[in-house]
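Since the structure comes first, as structure tokens, the remarks are kept for the end.
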Amino acid sequence: MECPRCAREIVPDRLFCIWCDAFIPKPAAGVKASLVRRLLATVVDPLLGYIVFTVTLQIASGWSRSPFDDSPLWFAQVASIAYMAIGLLLMRRGLTPGKWLLGERVVHKMTGEPAGFWRMVLREVVGKAVSGIFFGLGYLWAIWDRDAQAWHDKIADTVVLKEERPAPLTPARSGFRPGTSTP
């Protein structure tokens, strides 16, 4: 059997081509995300929440008239809840805020379709708790796994893909040639 993307021989029972990292069940969905990008996305998610809370608290503290006013804390809590709501909405599409910023997506390992809300809840809440419970061994498991699945991916039957974004339109592709007039 050949890889639909690079036309080289693929290894049976693998989710990714060993030559081009294409996702075999649905090559158009993307390629295997690197472990560094996945780690960065995992760090970015709570970091963004912290930034939203502290920046909102600092801005609202400037509006406060007295040090005993609770409104800055209230504004920061509302902003944090809004951030969590956005995160929950993104989960329907197999994303977290960090994955969205880094161009990654969590998909079902057999179909290549976005993981969906409940599968993401299973992965992000239950699966990541299990991955971290034994000194983070579940996260490190992706280093040795042939399909780069951590324990939380195995629990939820998911893989993480780097989305293939189209290249921006350049003058050579648009038909425009420097030194010529436009039609």
inquiry  = Tell me yes or no: at least one residue of the range 134-149 is touching a strand residue (DSSP E or B) at 6+ places or on another chain (Cβ under 6 Å), over 22 Å from Y50 (Cβ atoms) and open to solvent by 70 Å² or more (accessible area, probe 1.4 Å).
reply    = no
query = Does A33 fit the bill of being within 30 Å of F117 (Cβ to Cβ) and either touching a residue at least 40 places away in the same chain (Cβ under 8 Å) or open to solvent by less than 40 Å² (accessible area, probe 1.4 Å) (or both)?
reply = yes
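Mind telling me which of the residues P25, P4 ends up being outside any helix (DSSP H, G or I), in contact with a Pro (Cβ under 8 Å, 6 or more places away or on another chain) and not aliphatic (A, V, I, L, M)?
On the way: P25 fails: in contact with a Pro (Cβ under 8 Å, 6 or more places away or on another chain).
Result of the check over P25, P4: P4.
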ask   = Counting just the residues of the range 89-98 that are aliphatic (A, V, I, L, M) and closer than 21 Å to R37 by Cα, which one comes out nearest to the chain's Cα centre (by Cα)?
value = L95
inquiry  = Exactly one of these conditions fails for A28: (1) exposed (fewer than 14 other Cβ atoms within 10 Å of the Cβ); (2) touching a residue at least 60 places away in the same chain (Cβ under 8 Å); (3) under 21 Å from W141 (Cβ atoms). Give me its number.
reply    = (3)
key: Residue pairs meeting the criteria (Cβ under 7 Å; at least 6 apart or on separate chains; first within 20 Å of V11 (Cβ to Cβ), in the range 132-161; second surrounded by 21 or more Cβ atoms within 10 Å (Cβ to Cβ) and hydroxyl-bearing (S, T, Y))   = none
inquiry  = Contact list please: Cβ distance under 8 Å, first residue in the range 7-18 and open to solvent by 60 Å² or more (accessible area, probe 1.4 Å), second residue among the polar types (S, T, N, Q) and part of a loop (DSSP other than H, G, I, E, B), pairs at least six apart or on different chains.
reply    = none
note = Selection over the range 95-126 where residues are surrounded by 14 or more Cβ atoms within 10 Å (Cβ to Cβ) and either over 14 Å from D45 (Cβ atoms) or among the hydrophobic types (A, V, I, L, M, F, W, C) (or both) yields a count of 19
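Table: residues versus (1) at pLDDT 95 or above; (2) not in a helix (DSSP H, G or I).
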{"residue": "R65", "(1), (2)": "no, yes"}
{"residue": "F68", "(1), (2)": "no, yes"}
{"residue": "W74", "(1), (2)": "no, no"}
{"residue": "V78", "(1), (2)": "no, no"}
{"residue": "V107", "(1), (2)": "yes, yes"}
{"residue": "M120", "(1), (2)": "yes, no"}
{"residue": "G138", "(1), (2)": "yes, no"}
{"residue": "Q149", "(1), (2)": "yes, yes"}
query = List, please: which pairs have Cβ atoms under 8 Å, are six or more places apart or on different chains, and start with a residue in the range 89-100 that is closer than 11 Å to V160 by Cβ and modelled with pLDDT of 95 or more and end with one that is in a loop (DSSP other than H, G, I, E, B) and not acidic (D, E)?
reply = G94/A115; G94/G116
Of all residues in the range 51-60 being open to solvent by 30 Å² or more (accessible area, probe 1.4 Å) and in contact with a Ser or Thr (Cβ under 9 Å, 6 or more places away or on another chain), the one that is nearest to G98 (Cα to Cα) = V52
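The values are calculated or read from the model by the stated rules, or taken from the named source; none is laboratory data. If you're wondering where the values come from, they're calculated on a predicted model, not measured in any experiment. Glycine also receives a Cβ, built like all others from the backbone with ideal geometry; neighbour counts cover every protein chain displayed. Areas reflect the complete protein model, heavy atoms only, side chains present, ligands, DNA and RNA absent. Shrake-Rupley method; radii C 1.70, N 1.55, O 1.52, S 1.80 Å.
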